[in-house]
Amino acid sequence: MILVKDLKRYYGTGETAVKALNGVSFEINKGEFVAIMGASGSGKTTLLRILALLDDATDGMYTIRGLEVSSLPEAERSYYRLTQVGYVFQDYALINEMSAAENVYVLSMMEGKSKKESYSTALEALDKVGLKGKHDKVPGELSGGEKQRVAIARAIAKKPDIMFADEPCANLDTNNSKQVLDVFKELNEKYGQTIIMVTHEPWHVEYVNRVITLEDGTMISDENKQNSTVSPK
């Protein structure tokens with residue numbers, strides 16, 4: 001489904017260039033739940049942003065379903081990003097004046113869908129993440145875990161091929177983190193959603209079936225963790 005070959009991302013030129021990614025290669029199959037891990041500055045968020053078409057690679061190849069998305073013109077990249085992938089930010093990125101349902105269906109309306117269809121899709125997505133009945137609540141009336149679940153609902157409402165999540169539990173306590181990760185696991189196991197998640201918490205690997213670890217812009221391991229169990233301290 002996803003093929004990455006010798007992906008590089010440099011900032012600056014010459015000897016002073018910062019090599020945020022320096023030749024990363026891997027393949028991800030449909031339906032996998034993958035964690036990207038590594039210390040701060042290892043390149044994990046840079047990699048995720050490139051995969052989600054939010055940033056450009058300096059060199060290398062990146063394809064989804066055989067389409068070399070890394071070489072698409074900007075207008076086509078924007079449309080592909082809007083319609084084919086979902087992205088969950090660690091700070092929720094919700095509009096405070098909008099209800100949960102409105103925060104979810106705004107992207108569908110940007111695609112040109114009717115408000116009625118978009119609203120129906122939003123309610124379905126909110127139900128999937130355990131927020132049935134809270135569609136009319138604004139972010140200020142929701143807990144941190146509920147806000148992140150609204151952000152997840154927004155990402156899955158358009159039924160994307162892949163959902164990317166950038167440290168989605170960074171601002172949550174352990175209990176809310178578990179609730180969010182339980183949602184991810186259900187989406188992956190029940191609906192076959194492909195999920196690529198950046199995280200720095202070792203106990204999060206309990207929820208995923210694969211861990212890609214980066215160090216100084218290079219991949220140092222690619223490990224199947226499906227049968228591992230790590231509990232939060």
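Computed from the coordinates by the stated procedures, all read-outs in this text should not be read as laboratory data. Because the structure is a prediction, the values reported are computed rather than measured. Every residue, glycine among them, receives a Cβ derived from its backbone with ideal geometry; neighbour counts consider all protein chains shown.
On the principal axes of its Cα set, how long, how wide and how thick is the chain? Give whole Å, largest value first.
Principal extents (Cα only, largest first): 54, 45, 31 Å.
Full extension from K159 to E27: what is 0.36 nm times the residue separation minus their Cα-Cα distance, to one decimal in nm?
Working: separation 132, 0.36 × 132 = 47.52 nm, distance 2.15 nm.
Result for the pair: 45.4 nm of gain on full extension.
Could you give the length gained on full extension between K8 and N96, defined as 0.36 nm per residue of separation minus the Cα-Cα distance, in nm?
28.0 nm
Can you sort T58, T45 by how many other beta carbons sit within 10 Å, fewest first?
Fewest to most other Cβ atoms nearby, the residues stand as T58, T45.
From Cα pairs below 8 angstrom and at least 6 apart in sequence, can you work out the relative contact order of segment 118-233, rounded to a whole percent? Mind showing how you got there, number by number?
On the way: 130 pairs, mean separation 23.3, N = 116.
Once normalised by length, the contact order is 20 percent.
Please identify, among L47, L107, L72, the residue showing maximal mean-square fluctuation in a Gaussian network model of the chain using a 10 angstrom Cα cutoff.
In this elastic network of the chain, the residue with the biggest mean-square fluctuation among L47, L107, L72 is L72.
For the chain, with a Gaussian network of springs between Cα atoms less than 10 Å apart, report the residue from V24, V208, V150 with the top mean-square fluctuation.
V24
Counting alpha carbon pairs within less than 8 Å and at least 6 residues apart, what relative contact order, in whole percent, applies to the chain?
27 percent
About its Cα centre, what dipole magnitude does segment 86-174 give when the only charges are +1 on Lys and Arg Cβ and -1 on Asp and Glu Cβ, stated in debye to the nearest 20?
360 debye
Would you calculate a helix-derived [θ] at 222 nm for the chain, using -39,500 (n - 2.57) for each DSSP H run of n ≥ 4 and dividing by the full residue count, to the nearest 500?
That calculation yields -10000 deg cm²/dmol at 222 nm.
Name the most mobile residue of I36, I152, I212, meaning the one with the largest mean-square fluctuation, in a Gaussian network model of the chain with Cα contacts below 10 Å.
It is I212.
What is the set of long-range amide H partners of L214 at a cut-off below 5 Å, with H atoms built 1.01 Å from backbone N?
For L214, whose amide H was placed from the backbone, the distant partners under 5 Å are M37, G38, I220.
Taking the Cα centre of the chain as the origin, how large is its charge dipole in debye, to the nearest 20, when only Lys and Arg (+1) and Asp and Glu (-1) carry charge on their Cβ atoms?
Details: 28 positive and 33 negative charges, 115 e Å.
Once rounded to the nearest 20, the dipole reads 560 debye.
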